[in-house]
Amino acid sequence: MVTNLPAEAKTKWLRVMDAKTPEEKIKAIQDFLSSVPKHKGTENLVYWAKRRLSELREEAEKQRRKTKGGGFSFFIEKEGAGQVLVLGKEELKNPLVRNLTNVKQDPKDYPVPAMCYFEDSPIQLVNPPQIILDSRMIVSKLLGLARNSNSILMVLEDVDEFYRMKDFLENNNIVLGKPKGKVIIERFRSSKEGLRVVQLGRLVGTTEDEIKNYMREFGIKSAVIKIMGEVTLDDVEKSLFEAITFKPVVIASVKPFTVQGIPVVPINDVGRLKMELFNSLDVIRVYTKEPMEEPTTDPLFMKRGSTVYDVAQKLHSQLSENFKYARVWGRSARFPGQRVGEDHVLEDKDIVEIHVK
């Protein structure tokens, strides 16, 4: 059931969403918790908020140490089509990362980023140092890496290792695989866009109007809410609070086994592994072009379900503000060069030519 929060708590949660720095988020979450009524219906939300508070305090302390010239950071800036965290025993994951990339350095004290390629798409692998699960500090840093990543590559000996790792992550609210439904909420600074619901799946037990009203209760007046798969109002709430993190997973295994909904690839099948890693990122490649010119060869990486408007926004704010129409070549077009509007949903390897007023 959707958490029945008072109006004051909803308003304060909006401040959490708007906070930029760890210190601002800490203060906003503390303020939010002070206004949340304590009953069974809010137990999970309170638990998640307190856990997030603990993570932010550690992040703030890490930044303070870094400013003073001490301490170290596990955070890795994302590059390429997406970021994949590599988990497993050193003797398995380190040789595989060396095989997938041109980076030969094994991690010791810090995570090591390395780039592998699927066709024209660079995929960033993050190889962390050996994790000692009884060290709270190291475990917290590992969980931070997992939440920041776009997907996870598990390098395993057998199915028993998979279930041990799965239990560890899910006990920390990182759920493996994809949910039945997914909600992406993209807020705008300006209020002129209003609220739009883009249905790329179907709503279950709710309507577009109910979702818009729910957003307005939190003071969100300008946003695109993308619906993918089967989505309930509960799913919209979970997306708003980010209470649970879903992570796609690819498994590279020494011994063969099957897990429903998760690709399991032989550890030495590098070609298939790269393809599955790209698929796990849930992105599409979009190539842009100017009128009467050839398309670019370097793709834009967009979330699956992205529209022409999303591409215009990513390229430049003025393109989205002055958007007139676009022409599209590729799988999403009914014919080459089809003229489309801003809500046209793109597919992998589409070519887009944007025209402005």
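In table form, for the structure just shown:
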item: Estimated dipole of the range 263-357 in Debye, rounded to 20 [Cβ of Lys and Arg +1, of Asp and Glu -1, Cα centre]; result: 180
item: Charge dipole magnitude, Cβ of K and R +1, D and E -1 - the chain, Cα centre, debye nearest 20; result: 820
item: Residue-by-residue Karplus 3J(HN,Hα) for the range 89-104, coefficients 6.51, -1.76, 1.60, Hz, glycine and proline x; result: 6, 3, 5, 9, 6, 5, x, 5, 4, 4, 6, 7, 10, 9, 8, 9
item: Dipole of the chain, positive end: most advanced residue of 266, 156, 49 [Cβ charges, Cα centre]; result: 49
item: Long-range HN-HN contacts of residue 204 with modeled amide H, under 5 Å; result: 231, 232
item: Residue 157 versus residue 15: modelled label distance in nm, points set 7 Å from Cα along the beta carbon direction; result: 5.2
item: Peptides ranked, highest mean first, by Cβ atoms within 10 Å: ranges 281-287, 81-87, 351-357; result: 81-87, 281-287, 351-357
item: FRET efficiency for residue 58 and residue 30, using Cβ-Cβ distance with R0 set to 22 Å, rounded to 0.05; result: 0.90
item: Amide H contacts of residue 347 (H built 1.01 Å from N, under 5 Å, at least 5 apart or other chain); result: 332
item: With every protein chain in place, the range 162-286: carbon and sulfur % of accessible area (1.4 Å); result: 47
item: Inter-part distance where the range 278-357 and the range 217-260 are each reduced to a Cα centre, Å; result: 24
item: In Hz, Karplus ³J(HN,Hα) per residue of the range 267-282 (6.51, -1.76, 1.60; θ = phi - 60°; x = Gly, Pro); result: 4, 9, 8, 5, x, 5, 4, 4, 4, 5, 5, 4, 4, 5, 6, 6
item: Ellipticity estimate at 222 nm from DSSP helix runs (n ≥ 4, -39,500 (n - 2.57)) divided over the chain, nearest 500; result: -11000 deg cm²/dmol
item: The range 206-357 - accessible surface per residue (Å², probe 1.4 Å); result: 50
item: Cut-off under 5 Å, modelled amide H: who pairs with residue 253 long-range; result: 156, 265, 267
item: Protection-proxy order for peptides 34-40, 320-326, 16-22, 112-118, each taking the mean of Cβ atoms within 10 Å per residue, highest first; result: 112-118, 320-326, 16-22, 34-40
item: Accessible surface of residue 319 - all protein chains present, 1.4 Å probe, nearest 10 Å²; result: 50
item: Under Karplus coefficients 6.51, -1.76 and 1.60, residue-wise ³J(HN,Hα) of the range 20-30 in Hz, glycine/proline x; result: 9, 8, x, 4, 5, 5, 4, 4, 5, 5, 4
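The values are calculated or read from the model by the stated rules, or taken from the named source; none is laboratory data. Remember, it's a predicted structure, so these values are computed and weren't measured experimentally. Ideal geometry is used to build each Cβ from the backbone, glycine not excepted, and the neighbour counts take in all protein chains shown. Areas reflect the complete protein model, heavy atoms only, side chains present, ligands, DNA and RNA absent. Shrake-Rupley method; radii C 1.70, N 1.55, O 1.52, S 1.80 Å.
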